[in-house]
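Since the structure comes first, as structure tokens, the remarks are kept for the end.
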């Protein structure tokens with residue numbers, strides 16, 4: 001039977017705890033003023049990430065499963081299968097978190113943007129803080145088939161004040177002789193130690209000690225420490241992507257520099273950087289070939305950016321959460337040990353900075369490719385304008401030549417029309433002369449020549465003026 005946790009930290013009432021963002025209730029309509037429909041939802045969001053009050057001694061197993069933004073639905077289905085194994089029913093709607101008692105084993109399930117967490121806790125005395133695996137109490141078939149991939153798996157133990165204190169040598173031996181980091185936290189009310197390594201059992205180990213923690217303080221401290229461990233792992237997922245992207249970007253930068261050099265060296269009269277003459281003059285390949293190569297290169301850069309931009313942004317966001325949780329710990333130095341803040345700042349901050357620098361490098365390289373593409377297009381447009389100008393000059397010369405030819409043809413046309421017109425008149429006059437009319441056909445033909453030619457010229461000139469008026 002499941003139990004509830006009240007504000008006092010005592011588990012009393014049966015039934016599971018479900019955190020669901022409610023729909024706006026009808027009771028709000030009884031207020032004497034209008035209420036925003038999302039009022040209750042945004043208020044409930046403040047309580048979306050609660051904690052379980054804890055009392056030392058207690059042992060905890062924590063899993064963070066990377067499932068993607070669309071994979072939390074399958075995780076919820078597998079949560080239902082786990083609860084069914086213990087005889088607990090999953091509610092129809094599960095929000096961001098769910099908590100219940102699995103027969104002395106307390107389970108808390110939380111859904112995040114791209115991962116979910118399973119936290120198992122058992123209260124009671126123990127001799128070895130990391131000697132027992134709480135996950136062994138779960139169905140092993142269920143664990144093997146759990147969708148997603150585990151990003152972190154941690155065993156955490158909170159020792160009570162009655163348990164014997166450990167010396168520094170004992171702490172180092174407890175963590176496999178690895179360097180231990182730790183601090184006094186919560187204003188001196190507790191201690192935290194870890195080595196932030198993966199041990200032979202496959203888990204990370206974190207040890208807490210209660211000095212004067214209340215149940216609420218202990219619950220908040222455990223949640224913050226587990227969140228620091230989970231979010232620092234999620235933040236570091238961007239580092240391998242940044243390293244791989246850096247190799248691709250280095251190749252892209254070399255290719256981009258080669259294209260730029262070919263554009264400069266192929267331009268007549270170009271000088272090298274600083275006004276020096278270029279070392280070698282290369283033949284400029286066709287602009288279409290350069291533009292095709294540059295476009296393909298820009299597409300590759302954008303593809304790399306599209307694959308890594310979300311991961312880099314997520315690393316920045318997770319890093320911000322880690323820093324916030326570290327501040328909430330209120331660490332005080334233990335003589336001879338690094339604090340969690342010092343350790344993570346020395347290692348996590350450079351990794352996140354690498355992700356940010358790679359993202360900025362991608363943007364700068366994309367901008368450079370865009371500028372080169374614009375320059376090449378401008379160059380092509382200038383050459384096209386020069387070709388168009390040459391074509392227009394050639395067309396103008398052809399038009400002038402055609403005009404001269406047309407004028408010549410017009411003169412020949414006047415002569416031809418005059419010749420045929422005078423010939424017709426000559427046939428007519430000769431006919432009259434042969435029929436006995438008192439005419440001199442030869443004289444008449446001579447008189448008709450200027451008249452016919454002049455009439456033909458006037459007629460053609462008038463027709464040309466009419467055509468020009470119609471064209472205008």
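The values are calculated or read from the model by the stated rules, or taken from the named source; none is laboratory data. As the structure is a computational prediction, the values presented were derived from the model and not from experiment. Counting neighbours? That spans all protein chains shown, and the Cβs are built from the backbone with ideal geometry, glycine included.
Some notes on this structure:
- Test: residue in segment 238-247 that is outside the structural domain of residue 208 (by TED's automatic domain parsing), at pLDDT below 95 and at positive phi: no
- Residue 428 vs. criteria over 30 Å from residue 403 (Cα atoms), in a loop (DSSP other than H, G, I, E, B) and either in contact with a helix residue (DSSP H, G or I) (Cβ under 7 Å, 6 or more places away or on another chain) or modelled with pLDDT of 80 or more (or both): no
- Selection count where residues are outside any loop (DSSP other than H, G, I, E, B) and farther than 21 Å from residue 246 by Cα, scope segment 284-316: 6
- Scan of segment 144-153 for residues that are touching a strand residue (DSSP E or B) at 6+ places or on another chain (Cβ under 9 Å) and surrounded by fewer than 15 Cβ atoms within 10 Å (Cβ to Cβ), ordered by number: 149
- Residues (within 16 Å of residue 237 (Cβ to Cβ) and buried (at least 19 other Cβ atoms within 10 Å of the Cβ)) located in segment 64-85: 64, 65, 67
- Residue list for segment 112-147, filter: modelled with pLDDT under 90 and closer than 15 Å to residue 223 by Cα: 112
- Residue ID - surrounded by the fewest Cβ atoms within 10 Å (Cβ to Cβ), chosen from residues in segment 31-55 that are touching a helix residue (DSSP H, G or I) at 6+ places or on another chain (Cβ under 7 Å) and under 18 Å from residue 101 (Cα atoms): 55
- Residue, surrounded by the most Cβ atoms within 10 Å (Cβ to Cβ), within segment 325-345, restricted to residues that are in contact with a helix residue (DSSP H, G or I) (Cβ under 7 Å, 6 or more places away or on another chain) and part of a loop (DSSP other than H, G, I, E, B): 331
- In the condition set (1) within 60 Å of the chain's Cα centre (by Cα); (2) surrounded by 11 or more Cβ atoms within 10 Å (Cβ to Cβ), residue 394 is compliant with all but (2).
- Set 365, 384, 297, 401: member being more than 30 Å from residue 222 (Cα to Cα) and outside the structural domain of residue 251 (by TED's automatic domain parsing): 401
- Criterion applied to 208, 156, 221, 171 was being surrounded by 15 or more Cβ atoms within 10 Å (Cβ to Cβ), closer than 30 Å to residue 354 by Cβ, at pLDDT 90 or above and outside the structural domain of residue 319 (by TED's automatic domain parsing), and the one residue passing it is 156.
- Selected residue (only one of 434, 416, 463, 456 is farther than 30 Å from residue 260 by Cα and surrounded by 13 or more Cβ atoms within 10 Å (Cβ to Cβ)): 456
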